[in-house]
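Reviewing the structure listed below.
The values are calculated or read from the model by the stated rules, or taken from the named source; none is laboratory data. The model shown is predicted, which means the values in this text are computed figures rather than measured ones. In this analysis, Cβ positions are derived from the backbone assuming ideal geometry, glycine residues included, and neighbour counts consider all displayed protein chains.
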Amino acid sequence: MTTMQKIAEIEAEMAKTQKNKATMGHLGMLKAKLAKLRRELLEPGTGGGGGGKGEGFDVNKVGDARVGLVGFPSVGKSTLLNKLTGTFSEVAAYEFTTLTCIPGVVRYRGAKIQLLDLPGIIEGAKDGKGRGRQVISTARTCNLILIVLDCLKPISHKKLIEHELEGFGIRLNKTPPAISFRRKEKGGINFSTTVQNPKLDVDAVKSVCSEYRIHNADVTMRDDCDIDDLVDVIEGSRVYIPAIYVINKIDQITLEELNVMSRLPHYCPVCAYHNWNLDGLVEMIWEYLDLLRIYTKPKGRLPDYNDPVVVPSSRNTVEDFCNRIHKGIAKQFKYALVWGTSVKHRPQKVGKDHRLQDEDIVQIVKKI
């Protein structure tokens, strides 16, 4: 039996199994088996046909962030890239115009944001159909994914693409589960939770662990997570990426339909052909990337406002800032002078652990 046949068999069994407390352990075992088979399918040199999860398009990462355009063929990804970056990506009224990855760069608020126009994916991409594995492997390297949808089929296409990305270990607009998992040498499986009436119980946890041949571990759950979350934590290869659903070709729908779409979370309606709301999309990209601009100030000179150092808000310490410029600076670091909203006094002397905010000005003082 091939890997794909095993996957289909497990999915069929899961579909006919009722979901309740009594079947939780059995479903947990099935989901763990399914995750292992999908990993096997995607690893090179296995029965899945090659094309492992590291096999993406050979595109150098440039700029301060990377954004991937993902969608079915002929939804307007190439037109969107052309209008936003000025990069030529072939556009035509037939499917699969783009056969490789076309990069471009958007310059916004002093930051350089790399956009990747990826070939259109098809249903079954996660299982190797078309160039799906290359597309999704490259999407895993992105800081943000733009899922480009045709305005006439937004919901059905959205669900299909999410299913393909989920099958490749990409979790959209989610944070890692609040589950602590620690293997140990003895003591069995210990499960504890701070949640009242949790979705998981100790039998389900033991069933999942047993499928991975884990017999001794401490599992602590701090939020109401489910079996899928536990499998994700044990697998450890999941990536959590923000996503924007770009509804293209809005010139083909009514104003009432547009108003409904505009209120949906993570949605951005545009018309790439007519340049409608492209400024709003770029602003939304900036918001979702959550970047900070830090300006450098050489001693005795004015700050350089034209070329900020751009860092993620999650890595915003002075030490992160130094490493972004050059890794050798942190070794010579004595202290920094900071002007901006992150300090009470201007300037204020700070150390490596000080957290910077957007548009702070920093002057590094090195050891003599």
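Side notes on the structure shown:
- LEU146 vs. criteria within 12 Å of the chain's Cα centre (by Cα), of a type in the set (A, V, I, L, M) and either part of a helix (DSSP H, G or I) or within 30 Å of THR193 (Cβ to Cβ) (or both): no
- Scanning the range 159-210 for residues that are hydroxyl-bearing (Ser, Thr, Tyr) and either within 15 Å of the chain's Cα centre (by Cα) or on the phi > 0 side of the Ramachandran plot (or both) turns up just one, THR175.
- Considering residues of the range 208-238 that are assigned to a loop (DSSP other than H, G, I, E, B) and in contact with a Leu (Cβ under 7 Å, 6 or more places away or on another chain) only, the residue farthest from ARG38 (Cα to Cα): CYS225
Residues checked against (1) within 22 Å of ASN143 (Cα to Cα); (2) surrounded by fewer than 13 Cβ atoms within 10 Å (Cβ to Cβ):
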site	(1), (2)
PRO308	yes, no
PRO312	yes, no
ASN316	yes, no
PHE321	yes, no
ARG324	yes, no
GLY328	no, yes
PHE333	no, no
GLY340	no, no
VAL343	no, no
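- Members of the range 293-338 found to be touching a His at 6+ places or on another chain (Cβ under 9 Å) and hydrophobic (A, V, I, L, M, F, W, C), listed by number: VAL318, ALA336, VAL338
- Residue count for the range 345-354, restricted to those that are surrounded by 14 or more Cβ atoms within 10 Å (Cβ to Cβ) and touching a Ser or Thr at 6+ places or on another chain (Cβ under 7 Å): 2
- Residue match in the range 302-316 (condition: closer than 20 Å to ASN173 by Cβ and out of contact with any strand residue (DSSP E or B) (no Cβ under 9 Å at 6 or more places or on another chain)): yes
- Filtered by the rule that a residue be among the aliphatic types (A, V, I, L, M), at pLDDT below 90 and closer than 15 Å to ASN60 by Cα, the range 93-134 gives ILE102, LEU118.
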